[in-house]
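The values are calculated or read from the model by the stated rules, or taken from the named source; none is laboratory data. Since we're looking at a predicted model, the values are computed, not measured. Note that each Cβ is placed from the backbone with ideal geometry, even for glycine, and that neighbours are counted across all protein chains shown.
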Amino acid sequence: MKPWLAEFRTSLLAVPALAVILCGLYPVIVWALAHGLFPSRADGSLVVRDGEIRGSSLIAQKFTGPGYFHSRPSAAGNGWDAGRSGGSNLGPLSKDLSEIVRRRVADYRTENGLPAGTLVPADAVTASASGLDPHISLKNTLLQARRVAGARGLTETHIRAFIEERAEGRSLGFLGEPRVNVLALNLALDGVLDGGR
């Protein structure tokens with residue numbers, strides 16, 4: 001009976017000790033290190049302009065106006081809901097997904113003034129797994145350039161140069177495709193038109 005009591009006593013002491021270490025000390029140490037070494041990232045990579053938080057460079061937002069580059073479609077909640085991140089769970093053989101993509105392709109071509117046979121990038125018509133991907137492919141961005149240029153009264157050449165300046169390369173030089181952060185690009189475009197504030 002004594003060994004059992006000894007183990008029981010050890011367990012009773014271990015529970016509060018581990019609670020203090022794992023629920024108190026460890027989170028405080030990680031929080032302090034994160035804020036000390038990566039303060040912007042630790043606070044959510046927030047984008048602040050004119051003293052206002054405009055969003056996060058890590059989370060997509062919905063842009064609908066013709067003068068803005070549009071984000072990737074989202075299945076998170078009612079769309080771009082950071083509290084309900086997730087995909088649609090529709091598989092590649094789903095008739096519903098096939099119809100949704102077909103409709104999005106037609107809408108994308110119409111919205112951007114593209115001929116019927118234009119190949120539309122996958123990220124323009126499919127949602128990411130999280131529904132909150134902040135980037136779109138360089139090809140998707142360039143296909144939207146004419147619409148954005150026309151709505152802003154700029155030349156397409158000017159907008160394309162603007163995109164190229166802000167394009168991000170492949171991760172580690174070889175992973176993924178070149179991409180553009182939609183929020184950063186749209187805020188930069190607004191800065192061009194309002195004097196660069």
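The selection criterion, being without any contact (Cβ under 8 Å) to a residue 12 or more places away in the chain and of a type in the set (K, R), does not hold for R72. Being β-branched (V, I, T) and exposed (fewer than 15 other Cβ atoms within 10 Å of the Cβ) holds for only one residue in T118, T126, T141, and it is T118. Can you name the residue in segment 26-39 that is within 22 Å of the chain's Cα centre (by Cα) and loosely packed, with under 12 Cβ neighbours inside 10 Å and, of all such residues, is modelled with the lowest pLDDT? If we take residues in segment 26-39 being within 22 Å of the chain's Cα centre (by Cα) and loosely packed, with under 12 Cβ neighbours inside 10 Å, then P39 is modelled with the lowest pLDDT.
For R54, state whether it is within 30 Å of A122 (Cβ to Cβ), in a strand (DSSP E or B) and among the basic types (K, R). Here the answer is yes, as R54 does meet what is asked. Only one entry of R84, R54, R72 meets the criterion of being under 15 Å from L187 (Cβ atoms), of a type in the set (D, E, K, R), modelled with pLDDT under 95 and surrounded by 13 or more Cβ atoms within 10 Å (Cβ to Cβ), and that entry is R54.
Scoring L154 on the criteria (1) at pLDDT 90 or above; (2) part of a helix (DSSP H, G or I) leaves a single failure, condition (2).
Filter segment 157-197 for residues that are among the basic types (K, R) and loosely packed, with under 12 Cβ neighbours inside 10 Å; which is modelled with the highest pLDDT? Give the steps one after another, and end with the answer.
So the first thing to find is which residues in segment 157-197 are among the basic types (K, R), and the list is 160, 166, 170, 179, 197.
Within this subset, residues satisfying the condition of being loosely packed, with under 12 Cβ neighbours inside 10 Å are 170, 197.
Working: R170: 89, R197: 36.
Only one residue tops the list, namely R170.
Looking across segment 87-112, the residues that are under 25 Å from N181 (Cα atoms) and either outside the structural domain of T64 (by TED's automatic domain parsing) or surrounded by 12 or more Cβ atoms within 10 Å (Cβ to Cβ) (or both) come down to G87, S88, I100, V101, R104, V105, A106, D107, Y108, R109, E111, N112. Take the conditions (1) farther than 24 Å from D190 by Cβ; (2) among the small types (G, A, S); (3) in contact with a helix residue (DSSP H, G or I) (Cβ under 6 Å, 6 or more places away or on another chain); S128 misses just one of them, which is (3).
Can T64 be described as of a type in the set (S, T, N, Q) and without any contact (Cβ under 8 Å) to a residue 24 or more places away in the chain? The answer is yes for T64. Per the conditions (1) modelled with pLDDT of 95 or more; (2) more than 24 Å from N78 (Cα to Cα); (3) of a type outside the set (A, V, I, L, M, F, W, C), the sole criterion not satisfied by Y108 is (2).
Would you be able to say whether some residue in segment 173-180 is within 15 Å of F63 (Cβ to Cβ), touching a residue at least 24 places away in the same chain (Cβ under 8 Å) and part of a helix (DSSP H, G or I)? Looking for residues that are within 15 Å of F63 (Cβ to Cβ), touching a residue at least 24 places away in the same chain (Cβ under 8 Å) and part of a helix (DSSP H, G or I), one finds none in segment 173-180, hence no. Evaluation of R54 against the conditions (1) in contact (Cβ under 8 Å) with a residue 24 or more places away in the chain; (2) in contact with a Ser or Thr (Cβ under 9 Å, 6 or more places away or on another chain) shows that the sole unmet condition is (2).
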